[in-house]
Amino acid sequence: MDKEMYAAIESHMLSCMGDSAHDKEHIYRVLHLALDLAGHEGEDVDRDILTAAALLHDIGREDQFRDPSLCHAEAGSVKAYDFLLSLGWDEGRAGWVRACILTHRYRSDRPPQSIEAKLLFDADKLDVTGAIGIARTLYYGGAVGSALYSLDEHGLVLDGTEAGPNTFLQEYRHKLEHIGEKLYTSRAREIAAGRKQAAQSFYENLLAEIRGCR
């Protein structure tokens with residue numbers, strides 16, 4: 001991808017980022033991780049497709065933030081497709097990026113198909129592992145009004161394995177704890193394994209401190 005095209009895509013991405021848990025620094029981390037993962041997958045990866053998908057994968061976040069019934073992956077994939085067409089991309093390659101963005105969500109019945117889509121999925125999920133993942137989850141939870149924990153009918157602190165309501169402890173037990181099981185590439189699983197202890201220790205310490213205050 002030439003510098004002019006990269007700059008145009010980057011500028012569009014920057015104009016769409018309003019959620020601090022999914023800000024431009026998240027995008028750049030995902031891009032860096034995606035390209036790192038690609039370096040372990042041989043020469044079959046189309047890095048222009050991967051770069052465009054990584055830069056644009058969260059441009060639907062603002063739509064979802066305004067209307068939680070929307071899926072940011074669906075909204076963002078359409079926006080990215082239309083934007084790339086406006087830059088002169090052909091329908092096939094713009095559609096390739098659209099498919100990567102459409103399938104990057106953790107909780108989705110649309111698994112990624114292409115290697116570029118799998119690399120984007122893995123890179124995005126790696127940014128919710130370890131200490132960064134804990135920080136981002138807490139930040140986003142605060143922004144949408146989620147609680148740290150919930151209590152049972154006896155006033156005891158639940159550990160997050162319950163079905164609801166959505167709390168930080170529940171997000172850890174239902175998502176963050178299992179990220180490594182969902183990854184497609186060996187390099188991503190290696191990185192996730194190296195970060196796992198930081199997140200697990202935070203969860204265990206937080207739960208112990210909360211219960212110690214009840």
| request: Go through region 1-114 and tell me which helices (runs of 4 or more DSSP H), entirely inside it, have 1 or more residues that are open to solvent by 60 Å² or more (accessible area, probe 1.4 Å), of a type outside the set (Asp, Glu) and over 22 Å from Thr137 (Cα atoms). | output: 3-16, 24-38, 47-56, 72-86, 91-102
| said: Against the definition (among the β-branched types (Val, Ile, Thr), touching a Ser or Thr at 6+ places or on another chain (Cβ under 8 Å) and at pLDDT 90 or above), how does Thr167 come out, yes or no? | reply: yes
| query | Would you call Gln64 of a type in the set (S, T, N, Q) and closer than 23 Å to Arg187 by Cβ? | reply | no
| task | Give the residue that is farthest from the chain's Cα centre (by Cα), with candidates limited to residues of region 175-213 that are closer than 21 Å to Ala34 by Cβ and polar (S, T, N, Q). | result | Ser186
| Can you name every residue in region 40-61 that is without any contact (Cβ under 8 Å) to a residue 60 or more places away in the chain and not hydroxyl-bearing (Ser, Thr, Tyr)? | Gly42, Glu43, Arg47, Asp48, Ala52, Leu55, Leu56, Asp58, Ile59, Gly60, Arg61
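The values are calculated or read from the model by the stated rules, or taken from the named source; none is laboratory data. Here the structure is a predicted model, which means the values were calculated and not measured. Methodologically, a virtual Cβ is constructed for each residue, glycine included, from the backbone with ideal geometry; neighbour enumeration extends over all protein chains shown. Side chains are part of the model used for accessible areas, which takes the heavy atoms of the whole protein and leaves out ligands, DNA and RNA. Shrake-Rupley method; radii C 1.70, N 1.55, O 1.52, S 1.80 Å.
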